[in-house]
Amino acid sequence: MSTTASAMTVGAYLRDLPPDRRVAMARVCSMIRRSARGVRESMRYGLAFYELDGPLFALESGRRHMSLYVAEQEVVLKHKDALPGVNPARSFIKFSDLNRLPLDVVEKIVRDSVAARRNRVSQGTVPTQAELLKLWAIKEEAALPPVAVTKAVSAPAARAAKPSATRAATAKGTKKTAAKKPPAKAAKKTPAKKKA
């Protein structure tokens, strides 16, 4: 799983990536959104998920590669000879050279996947998320999102009481200090010299 598994949005996921991987991932994310009209983007299991009547794609940034998981396995099989790094058994494509992404081929895969998904919807044979996680060899328990961290905040009354108690103590200390100070000596008046 990616080191950015705690990201809650795809934008945050991309922001946390090193520049070279961020650019490559952003290109593919943008192309998916443009080519698959109506797709919903979200972060789940440390991956960028794209859904159209259920999960359709998942995108992950590895340390030295990027992986595109495709729900429509027959589409991957159809394009396997056009791309290196295709794993037809797990229905994903591993891109090792992020500087040379074959976006034209990936766009065909996206468009073909959308057509295949619409066909499946009409037949009522859309794979479930659990089936896809199994196909993609993503273990749900290992990929669960992190538990949200909440900070304990003290009650407003307790916070308000503290400063007033401090003020009261300070006021008492000031009175004591004032009482202990000796009174200031009056300036001595020197008698005026009488004129002779």
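Is there a residue being surrounded by 13 or more Cβ atoms within 10 Å (Cβ to Cβ), without any contact (Cβ under 8 Å) to a residue 24 or more places away in the chain and outside any helix (DSSP H, G or I) anywhere in region 61-84? Yes, there is a match, as at least one residue in region 61-84 is surrounded by 13 or more Cβ atoms within 10 Å (Cβ to Cβ), without any contact (Cβ under 8 Å) to a residue 24 or more places away in the chain and outside any helix (DSSP H, G or I). A count restricted to region 1-24 and to residues that are crowded, with 17+ Cβ neighbours inside 10 Å, of a type outside the set (S, T, N, Q) and either more than 26 Å from D112 (Cα to Cα) or modelled with pLDDT of 95 or more (or both) stands at 4.
Can you find a residue that is within 22 Å of T128 (Cα to Cα), in contact with a helix residue (DSSP H, G or I) (Cβ under 8 Å, 6 or more places away or on another chain) and part of a strand (DSSP E or B) anywhere in region 13-35? For region 13-35, residues within 22 Å of T128 (Cα to Cα), in contact with a helix residue (DSSP H, G or I) (Cβ under 8 Å, 6 or more places away or on another chain) and part of a strand (DSSP E or B): absent.
If I filter region 110-117 for residues that are surrounded by fewer than 17 Cβ atoms within 10 Å (Cβ to Cβ), touching a helix residue (DSSP H, G or I) at 6+ places or on another chain (Cβ under 9 Å), of a type outside the set (A, V, I, L, M, F, W, C) and part of a helix (DSSP H, G or I), do I get at least one hit? Checking region 110-117: at least one residue is surrounded by fewer than 17 Cβ atoms within 10 Å (Cβ to Cβ), touching a helix residue (DSSP H, G or I) at 6+ places or on another chain (Cβ under 9 Å), of a type outside the set (A, V, I, L, M, F, W, C) and part of a helix (DSSP H, G or I). Checked against the criterion of being within 20 Å of R40 (Cα to Cα), at pLDDT 95 or above, touching a strand residue (DSSP E or B) at 6+ places or on another chain (Cβ under 7 Å) and β-branched (V, I, T), region 80-95 contains not a single residue that satisfies it. Could we say that A58 is over 23 Å from the mean Cα position of the chain (by Cα) and either surrounded by fewer than 18 Cβ atoms within 10 Å (Cβ to Cβ) or not in a loop (DSSP other than H, G, I, E, B) (or both) here? Considered against the rule, which asks whether it is over 23 Å from the mean Cα position of the chain (by Cα) and either surrounded by fewer than 18 Cβ atoms within 10 Å (Cβ to Cβ) or not in a loop (DSSP other than H, G, I, E, B) (or both), A58 comes out as no.
Please determine whether any residue of region 122-140 is part of a loop (DSSP other than H, G, I, E, B), modelled with pLDDT under 90 and either out of contact with any strand residue (DSSP E or B) (no Cβ under 8 Å at 6 or more places or on another chain) or farther than 18 Å from L68 by Cα (or both). Yes: region 122-140 contains one or more residues that are part of a loop (DSSP other than H, G, I, E, B), modelled with pLDDT under 90 and either out of contact with any strand residue (DSSP E or B) (no Cβ under 8 Å at 6 or more places or on another chain) or farther than 18 Å from L68 by Cα (or both).
E107 meets the conditions (1) buried (at least 18 other Cβ atoms within 10 Å of the Cβ); (2) more than 20 Å from the chain's Cα centre (by Cα) in every case but one. The failed one is (1).
The values are calculated or read from the model by the stated rules, or taken from the named source; none is laboratory data. Bear in mind the structure is a predicted one, so any value in this text is a computation, not a measurement. Every residue, glycine as well, gets a Cβ built from its backbone with ideal geometry; the counts of neighbours run over all protein chains shown.
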